[in-house]
């Protein structure tokens, strides 16, 4: 991988990771823990990730003389979101396993269950399906290493799909064969 891609992706990934960590801290220390399941905050985090991913691609494109392939554009974007995802996961796991109180963790978990049930109802799920999900949440611990890692991988995949689309838009359409 091109060192320009690595450097820019890593630096902007650190910035994105710090932003995500600060948002998590703000949500935890706010008086309203319901914000952990707020769609607007989730969308805000996605938009910030896309913006910083685009900035990474544009910076790499400028530093490579205005030429960037699809692979290079996606690599720059992916390096940014991967760095951020690793930082966010490590912080999330260490913070919630060390500093978070059980009362706040239970409140957040309860809100996650309510959010899932509300979403299922809006999507027309049956009462039986909703009850099955509620039962599965009895043993669910969103703050465990396995669940946190699993969630991070899912978000990374989602962000990678967005990155593929962004790379498709920002790549050079005509390659130079000179």
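Rule-based calculations on the coordinates, nothing more; no lab input. All of these numbers come straight from a predicted model, not from anything done at the bench. Positions of Cβ are generated from backbone atoms using ideal geometry, with glycine treated the same way; all protein chains shown enter the neighbour counts.
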task: Taking the convex hull of the Cα atoms, report for the range 1-88 its projected area averaged over all directions, in nm².
output: 5.6 nm²
statement: Rounded to 0.05, the calculated FRET efficiency for the beta carbons of residue 102 and residue 6 at R₀ = 41 Å is 0.50
- request: Enter the per residue convex hull volume of the chain, computed from alpha-carbon coordinates, in Å³ rounded to the nearest integer.
  value: 132 Å³
Extension gain (nm, one decimal) between residue 139 and residue 153, 0.36 nm per residue minus Cα-Cα: 3.0 nm
statement: Burial-style ranking of 31-44, 150-163, 70-83, average other-beta-carbon count within 10 Å with highest first, yields 70-83, 150-163, 31-44
- line: Percent of all Cα-Cα pairs per 5 Å bin for the range 58-131, counting from 0 up to the last occupied bin, reads 3, 12, 12, 10, 10, 11, 12, 11, 9, 7, 2, 0
field: the chain - mean residue ellipticity at 222 nm from DSSP helices (-39,500 (n - 2.57) per run, n ≥ 4, rounded to 500)
entry: -27000 deg cm²/dmol
query: Based on the alpha-carbon gyration tensor of the range 81-178, what equivalent-ellipsoid semi-axes (square roots of 5 times the eigenvalues) come out, in whole Å, largest first?
result: 35, 22, 9
task: Take the Cα of residue 127, step 7 Å along the line toward its Cβ, and report every residue of the range 103-117 whose backbone nitrogen sits under 20 Å from that point.
output: 114-117
- request: Quickly rank 117-128, 1-12 as a protection proxy: mean count of other C-beta atoms within 10 Å, highest first.
  value: 1-12, 117-128
